[in-house]
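**Student:** Below: one structure in structure tokens.
The values are calculated or read from the model by the stated rules, or taken from the named source; none is laboratory data. Predicted model, so just to flag it, every value in this text is computed and none were measured. Every residue, glycine among them, receives a Cβ derived from its backbone with ideal geometry; neighbour counts consider all protein chains shown. Note: areas computed on protein heavy atoms with side chains; ligands, DNA, RNA excluded. Shrake-Rupley method; radii C 1.70, N 1.55, O 1.52, S 1.80 Å.
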Amino acid sequence: MLVLAIETSCDDTCAAVLAGEAGTVTLLSNLVSSQLIHEEYEGIVPELASREHLRLIGPVVSRVLEQAGVDLPALDAVAVTSGPGLIGSLLVGLSLGKALAYGLGIPVIGINHIEGHLAAAALEFGADRARPPFVGLVASGGHTEIMLVSEWGRWSLLGATRDDAAGEAFDKVAKLLGMGFPGGAAISKAARAGNPEAYAFPRAWLDLDGGGLDLSFSGLKTSVKLFLDEQDWPERPADPVQRARFVADVAASFEEAVVDVLSRKLWKAVEKAGASRVVVAGGVAANRALRQRLVEGAAERGLELEIPSPPLCGDNAAMIGMAALQRLQRGECSSYDLAAIPNLDDWTGHYQQTAP
Ligand code: KG4
Ligand code: ZN
């Protein structure tokens, strides 16, 4: 089976071609075109994102097919992210995906972006290693969710952020430190030279001991901002050496707070669910300190842990294609009038059992 996958839920215009069944998948080509236009605004501007998707999606899909050596008529299905995400961005990919599938007379399948992030682990490590049931953590610029995946495509939410996503907090603190956008990777890099215990930033535990699995990162971000204001940042420290040390210590202490909360919430979820396997994905899962903490924690607890390699943690269409293969294998697809769903709330009726 040959699947073209399209992902345009946020600010990356992505397409991929996958061949095979869910058990044995070959990634033939995978392109991610990250939109640079948002850098000057230090954040994603939704209207600009959808216009950029419109400009880029045609060339990206053409090139991904060319690289895979696949002509449109050879395709068996089109997979496309149908939510959650920015509505204008989602509509670009979804409209193209539905139109292509309809024109070719093949099934279209709408994929939940969060489910897609977790499927990256099955694509990279094989369906056996990343096999449900498992507890999944998706931490990205728009999402921080902990879920129990009973089988591929069947999951329930255990906890989610009540305000900022983990990646959003990274991006906002990076902006305060003058590191540009998106700034997660820059914080992570600066943190390597810093002391994670230099400053005690707060952790929002939200009744962790009582089993609370929701998360919150906006208080942490605000506390970093207040601290920087108190220190007279960015005027001081003026000395370049002290300045570099200060930035590294703030980055490391902030990162430590995020890693602490994400890892402890995840272990609590695993304990509550009685799970023995864990899958972690999303852009923030590329973070070195988080990966290291999770690897150590999983080893201590005797858990199997799968985290995709950094390029497959961030947004991409290969993960969407993988999630689609899992659903297609069960005979599921979507209708050609499928609507985009910008939030995580109501996904009932998104799939039907018979091919159109
Ligand atoms: O999954 P993703 O590519 O897009 C969304 O679905 O949002 O995640 C992007 C997020 C951004 O907030 C970015 O700053 C963050 O992931 N990120 C990181 C790292 N690399 C990317 N955060 C922390 N450490 C990193 N190394
Ligand atoms: Zn994402």
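**Student:** Given contacts defined as C-alpha pairs under 8 Å and at least six residues apart, what's the relative contact order of the range 132-310, whole-number percent? Please report the intermediate quantities before stating the final value.
**Tutor:** Numbers: 329 pairs, mean separation 49.7, N = 179.
Relative contact order comes out at 28 percent.
**Student:** Which angle from 0 to 90°, rounded to the nearest 10, does the C-alpha axis of helix 166-176 make with the longest principal axis of the chain?
**Tutor:** Helix 166-176 sits at roughly 50 degrees to that axis.
**Student:** If I ignore ligands, DNA and RNA and count only protein heavy atoms, how much of residue 337 is accessible to a 1.4 Å probe, in Å² to the nearest 10?
**Tutor:** For residue 337, the solvent-accessible surface is approximately 120 Å².
**Student:** Given 5 Å bins starting at zero, what is the percent of C-alpha pairs of the range 132-310 in each, up to the one with the largest pair distance?
**Tutor:** Whole-percent P(r) values from 0 Å outward: 1, 9, 17, 22, 19, 13, 9, 5, 3, 1, 0, 0.
**Student:** So what is the calculated 222 nm ellipticity per residue for the chain, using -39500 (n - 2.57) for each DSSP H run with n of 4 or more, over all residues, to the nearest 500 deg cm²/dmol?
**Tutor:** Numbers: 10 runs with 150 residues, N = 356.
Computed ellipticity for the chain at 222 nm equals -14000 deg cm²/dmol.
**Student:** Taking all protein chains as present, what is the carbon and sulfur share of the accessible area of the chain, in % to the nearest whole number, probe 1.4 Å? Mind showing how you got there, number by number?
**Tutor:** On the way: 7620 of 14640 Å².
Carbon and sulfur together cover 52 percent of it.
**Student:** Ok, one more. Roll a 1.4 Å probe over the protein heavy atoms and report the accessible area of residue 37 in Å², nearest 10.
**Tutor:** My reading of the accessible area for residue 37 is about 60 Å².
**Student:** Before I look further, what does the range 132-310 give for accessible area per residue, probe 1.4 Å, in whole square angstrom?
**Tutor:** Working: 7670 Å² over 179 residues.
About 43 Å² of surface per residue is accessible.
**Student:** To continue, here is another question. Rounded to the nearest 20 debye, what is the charge dipole size of the chain about its Cα centre when +1 sits on each Lys and Arg Cβ and -1 on each Asp and Glu Cβ?
**Tutor:** Numbers: 29 positive and 44 negative charges, 97 e Å.
Dipole magnitude for the chain comes out near 460 debye.
**Student:** Give the residue from 286, 273, 313 lying farthest towards the positive end of the charge dipole for the range 265-329; charges sit on Cβ (+1 for Lys and Arg, -1 for Asp and Glu) and the dipole is referred to the Cα centre.
**Tutor:** 273
**Student:** I've got another one for you. Taking the chain as a Gaussian network, Cα atoms linked when under 10 Å apart, which of 23, 69, 167 shows the biggest mean-square fluctuation?
**Tutor:** Sorting by GNM fluctuation, first place goes to 69.
**Student:** Any idea of residue 172's accessible area? Nearest 10 Å², probe 1.4 Å.
**Tutor:** 70 Å²
**Student:** Quick check: convex hull over the Cα atoms of the range 1-150, volume per residue in Å³, rounded to an integer? Kindly include the intermediate steps, with their values, before the conclusion.
**Tutor:** On the way: hull volume 15.9 nm³, N = 150.
About 106 Å³ per residue, rounded to a whole number.
**Student:** A further question follows. With the calculation restricted to Cα positions, what are the radius of gyration and Dmax of the range 162-256 in angstrom?
**Tutor:** For the range 162-256, the Cα-based Rg and Dmax read 13.6, 46 Å.
**Student:** Taking the Cα centre of the range 266-354 as the origin, how large is its charge dipole in debye, to the nearest 20, when only Lys and Arg (+1) and Asp and Glu (-1) carry charge on their Cβ atoms?
**Tutor:** So the magnitude is around 320 debye.
**Student:** Based on the Cα atoms of the chain, what semi-axes does the equivalent ellipsoid have, where each is the square root of 5 times one gyration tensor eigenvalue, given in whole Å with the largest first?
**Tutor:** On the way: eigenvalues 253, 111, 56 Å².
So the equivalent ellipsoid measures 36, 24, 17 Å along its semi-axes.
**Student:** Identify all lysines with a Cα-Cα distance to residue 265 below 28 Å; exclude those on the same chain that are fewer than 8 residues away in sequence.
**Tutor:** Hits, sequence-local ones excluded: 172, 175, 189, 221, 225.
**Student:** Can you tell me the 0 to 90 degree angle between the C-alpha axis of helix 46-68 and the longest principal axis of the chain, rounded to 10?
**Tutor:** For 46-68 against the chain, the angle is about 60 degrees.
**Student:** Got a sec? What order do 175, 189 fall in by accessible area at 1.4 Å, biggest, i.e. largest, first?
**Tutor:** Details: 175 95, 189 155 Å².
Result of the area sort, largest leading: 189, 175.
**Student:** Next question. Excluding residue 118 itself, calculate the net charge of residues whose Cβ lies under 11 Å from the Cβ of residue 118, where each Lys or Arg counts +1 and each Asp or Glu counts -1. Let's see the in-between values first.
**Tutor:** Details: positive: none; negative: 115, 145, 306.
Surrounding charge for residue 118 is -3.
**Student:** Same structure again: How far, in degrees from 0 to 90, does helix 218-230 lean away from the longest principal axis of the Cα atoms of the chain, to the nearest 10?
**Tutor:** 40 degrees
**Student:** Using Cα-Cα distances under 8 Å and only pairs 6 or more residues apart, what relative contact order does the chain have, in percent? List each step's numbers first, then the result.
**Tutor:** Working: 782 pairs, mean separation 85.2, N = 356.
Value for the chain: 24 percent.
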